[in-house]
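Inspection log for the structure reproduced underneath, given as structure tokens.
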Amino acid sequence: MALERLCNKPCAGRFSDLVAAIGNTPLVELPTLSPKEGVRIWAKLEGTNPTGSVKDRVARALIEDAEERGALARGQRIIEPTSGNTGIALAMICARKGYELTVVMPENVTAERRQLLQMYGAKVIFSEGAKGSNGAVEKALELAAQDSSWYMPYQYGNKANPAAHYNGTAVEILEALEEVSAFVAGLGTGGTLMGCGRRLKEAFGEAVKIVAAEPMPGEPVQGLRSLDEGFIPPIIDLSLLDRKIFVRNADAIRFTRRLLEREGLFAGPSSGAVARVAVRIAEELDEGNVVFLVADGGWKYLSSGIYTRPLEELSDIDATVWW
């Protein structure tokens, strides 16, 4: 009986290998964020995945989809653009499955991300830091076009990305809550918003609002994408979004600190931005559940200084130096 209770809890159970342990992440209420008694704010803690981010779900889906289609053979060379988390997740899975991985990422990512990729055995090619993830995409596409032996999963245009959330993340939310008034996630590749959005809309119709946290134009927020930069990932269907709300980098950092200091939640900076938007949506409701996605933990960002510097100094942090 004790084992049965344990296996019904998030992150518990027995699995055949590490890849099988991906998903089933906790959904935790954060009462200090709620602006009023009738509104409950919940955080989906994706940092509990094996490599510490929501991208474990995506990486597994990308590789398994390619295997099912016969696009991959053992020893195949894989190349993928990333700002870090997808690359790290792919590196772990590729190491287990016998694929050689090369990632293309901005040269100014945190040292922790570079080190994790190297630890998992991935090769790294750097793109121009000022161009962010858009630059990594551009360079990876160029390299893949020059060498047909590389297979690119291309998370930005691969339907397996949103499918990972449609069949996984959203289902877990539906199993945990009878009603969801709003779902909030960061606008990155678009996979989380598209996959969860479709599944939640099927369950609740227009009663649930799908809300994207987007960086203020010209002000980068780590892990998020501004559509004004000119690149809209092919998997994004903007009609599925009820709202896009802009977030400043300073607000993202302040809310990252707020999550840590008030709730003990050690999250990455994009989660601070998403939390800020979740609170704003909650302020507009009289009652209901607001769910937001915490994409990763703060471990990969310790060298950025955002967790230790005095709050009054945070406004001068330039996101491009640790993007």
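The values are calculated or read from the model by the stated rules, or taken from the named source; none is laboratory data. Given the structure is predicted, the values throughout are model-derived calculations rather than measurements. Here the Cβ positions follow ideal geometry from the backbone for every residue, glycine too, while neighbour counts run over all protein chains shown.
Of the residues screened, Thr25 is not one that is modelled with pLDDT of 95 or more, more than 23 Å from Gly157 (Cα to Cα) and surrounded by fewer than 18 Cβ atoms within 10 Å (Cβ to Cβ). Of the helices (runs of 4 or more DSSP H) lying entirely inside the stretch 125-231, those containing at least 1 residues that are under 13 Å from the mean Cα position of the chain (by Cα) span 160-164, 191-204. Exactly one residue out of Tyr120, Tyr156, Tyr99 is touching a helix residue (DSSP H, G or I) at 6+ places or on another chain (Cβ under 7 Å), surrounded by 17 or more Cβ atoms within 10 Å (Cβ to Cβ), among the hydroxyl-bearing types (Ser, Thr, Tyr) and within 12 Å of Ala59 (Cβ to Cβ): that is Tyr120. Can you name the residue in the stretch 123-140 that is surrounded by fewer than 16 Cβ atoms within 10 Å (Cβ to Cβ) and among the aliphatic types (A, V, I, L, M) and, of all such residues, is farthest from Leu101 (Cα to Cα)? Step by step, filter the stretch 123-140, then rank; the result is Ala130. Only one of Glu107, Glu179 is more than 30 Å from Ala73 (Cβ to Cβ), without any contact (Cβ under 8 Å) to a residue 60 or more places away in the chain and surrounded by fewer than 19 Cβ atoms within 10 Å (Cβ to Cβ); which? It is Glu107.
Matching residues to (1) among the small types (Gly, Ala, Ser); (2) at pLDDT 95 or above; (3) surrounded by fewer than 21 Cβ atoms within 10 Å (Cβ to Cβ):
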residue	(1), (2), (3)
Ala212	yes, yes, no
Gly230	yes, no, yes
Ser239	yes, yes, yes
Asp242	no, yes, yes
Phe255	no, yes, no
Leu259	no, yes, no
Pro269	no, no, no
Arg276	no, yes, no
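For the stretch 24-65, the candidate set comprises residues that are outside any loop (DSSP other than H, G, I, E, B) and of a type in the set (S, T, N, Q); within that set, the residue that is farthest from Ala164 (Cα to Cα) is Thr32. So for the stretch 277-288 (the condition being within 21 Å of Thr110 (Cβ to Cβ), in a helix (DSSP H, G or I), touching a residue at least 24 places away in the same chain (Cβ under 8 Å) and of a type outside the set (Val, Ile, Thr)), does at least one residue qualify? The answer is no, given that none of the residues of the stretch 277-288 is within 21 Å of Thr110 (Cβ to Cβ), in a helix (DSSP H, G or I), touching a residue at least 24 places away in the same chain (Cβ under 8 Å) and of a type outside the set (Val, Ile, Thr).
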